[in-house]
Ligand code: BEZ
């Protein structure tokens with residue numbers, strides 16, 4: 001999901017489909033954790049191009065998808081979904097959903113995670129569930145370290161360019177409880193993730209904010225440098241397969257009746 005206050009991040013649906021289809025493909029365990037019943041009304045927060053949102057429709061649910069990216073919402077609407085452009089940090093739903101679901105989106109809403117959770121709580125009916133997965137503490141640690149080191153070598157401060165919020169379970173649980181939710185489960189899950197394309201493509205798709213801080217003429221060199229630094233740990237020397245060092249934070253919470 002687009003984070004308005006963060007540096008540049010764009011969501012070209014074609015590029016996303018090429019380099020990031022795995023994000024939705026790997027989201028099914030979160031759908032299973034939510035365990036939606038036919039007829040339930042569900043909000044998919046950060047629905048992207050709707051690849052997972054359609055699963056809820058197939059399960060007989062009534063679904064609304066929201067995302068900050070107009071391009072992604074257009075792609076979701078092309079699937080016939082009720083999809084709306086909205087800032088996850090400023091949701092305006094009132095006690096109308098049985099559940100709020102979110103896969104691989106909450107970490108982009110870094111400006112105000114508490115506002116996100118407050119909006120979710122407002123959106124839920126009493127007893128409603130909030131089930132999601134996001135990048136957790138240590139997520140893409142090696143990639144991030146290599147990227148930040150490449151910027152620092154160029155005297156560019158990476159801190160303001162970081163677009164991600166990767167909390168610890170303790171941090172996120174505290175925020176969920178402060179908003180009135182009961183947390184049934186929250187855990188970090190290391191999930192080394194094979195990439196469909198090269199590390200340079202991952203950096204283009206997910207690291208755009210960092211790269212935006214580098215003069216355009218130097219971006220290819222940064223991607224080369226970062227790829228070279230990561231290859232010994234994240235690239236299979238025989239097959240050339242890249243694997244990203246993902247760590248998920250998965251949780252299930254609910255509003256009291
Ligand atoms: C993730 O889905 O965990 C992720 C997304 C963007 C950058 C890094 C990780």
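Coordinate-derived values only; no laboratory data. Source: prediction; values computed, not measured. Please note: Cβ atoms are built from the backbone with ideal geometry, for glycine as well, and neighbour counts cover all protein chains shown.
Looking at the chain only, what percent of DSSP beta bridges run antiparallel? Nearest 5 please.
Of all bridge pairs located within the chain, approximately 55 percent are antiparallel.
Arrange 252, 212, 102 by Cβ neighbour counts within 10 Å, fewest through most, would you?
By the 10 Å Cβ count, ascending: 212, 252, 102.
Pop a pseudo-label 7 angstrom from the Cα along the beta-carbon direction at both residue 218 and residue 92 and give the gap in nm to one decimal.
So the label points at residue 218 and residue 92 sit 4.3 nm apart.
How much mean residue ellipticity at 222 nm does the chain get from its helices, if each DSSP H run of length 4 or more adds -39500 (n - 2.57) and you divide by all residues, to the nearest 500 deg cm²/dmol?
-11000 deg cm²/dmol
Size of the range 112-257 along its principal axes in angstrom, Cα-based, largest extent first?
55, 34, 21
Regarding the range 145-214, what is the average projected area of its C-alpha convex hull, in nm²?
6.6
Using a ≥ b ≥ c from the Cα gyration tensor of the range 96-170 (square roots of the eigenvalues), is it rounded, prolate or oblate, where a/c under 1.5 gives rounded and otherwise the larger of a/b and b/c decides, a/b for prolate?
Since a/c reaches 1.5 and a/b is larger than b/c, the shape of the range 96-170 is classed as prolate.
Evaluate the distance, in nm, between pseudo-label points positioned 7 Å from the Cα of residue 22 and of residue 182 along their respective Cα→Cβ axes.
Label at residue 22, label at residue 182, 3.8 nm between them.
What is the range 49-128 by shape, rounded, prolate or oblate, if you read a ≥ b ≥ c off the alpha carbon gyration tensor as root eigenvalues and call it rounded for a/c under 1.5, prolate for a/b larger than b/c, and oblate otherwise?
oblate
Taking neighbour Cβ counts within 10 Å as the exposure measure, how do 122, 254 sort from fewest upward?
Fewest-to-most Cβ neighbours within 10 Å comes out as 122, 254.
For the chain, find the longest principal axis of its Cα atoms and tell me its angle to the long axis of helix 13-25, 0 to 90°, nearest 10.
60
What angle do you read, to the nearest 10 degrees and between 0 and 90, between the alpha-carbon axis of helix 141-152 and the longest principal axis of the chain?
Tilt of helix 141-152: around 50 degrees.
Let me have the relative contact order for the chain, percent, based on Cα pairs under 8 Å that are six or more residues apart.
Worked out over the chain, it gives 23 percent.
Need the C-alpha centroid separation for the range 101-146 versus the range 66-91, integer Å.
Centre-to-centre (Cα) distance: 17 Å.
Given C-alpha coordinates of the range 26-172, what is the ratio Rg to Rh with the Kirkwood estimate of Rh?
Radius of gyration relative to Kirkwood radius: 1.02.
Mind checking which of 221, 200, 104 has the largest fluctuation in a GNM of the chain, springs on alpha carbons under 10 Å?
In the Gaussian network model the winner is 221.
Between residue 137 and residue 193, what is the spin-label point distance in nm, taking each point 7 Å from the Cα along the Cα→C-beta axis?
According to this spin-label approximation, the distance is 2.0 nm.
Using just the alpha carbons, could you tell me how many Å³ per residue the convex hull of the chain encloses?
117
Say a paramagnetic label sat at a point 7 Å from the Cα of residue 115, along Cα to Cβ; which residues of the range 39-80 have their backbone N under 12 Å from it?
Within reach of a label on residue 115, which here means backbone N under 12 Å from a point 7 Å along Cα→Cβ, the range 39-80 contributes nothing.
Arrange the following residues from fewest to most other Cβ atoms within 10 Å of their Cβ: 74, 208, 133.
Going from least to most buried by this count: 74, 208, 133.
Mind pulling the angle between the C-alpha long axis of helix 113-123 and the longest principal axis of the chain? Nearest 10 degrees, somewhere in 0 to 90.
It works out to around 30 degrees.
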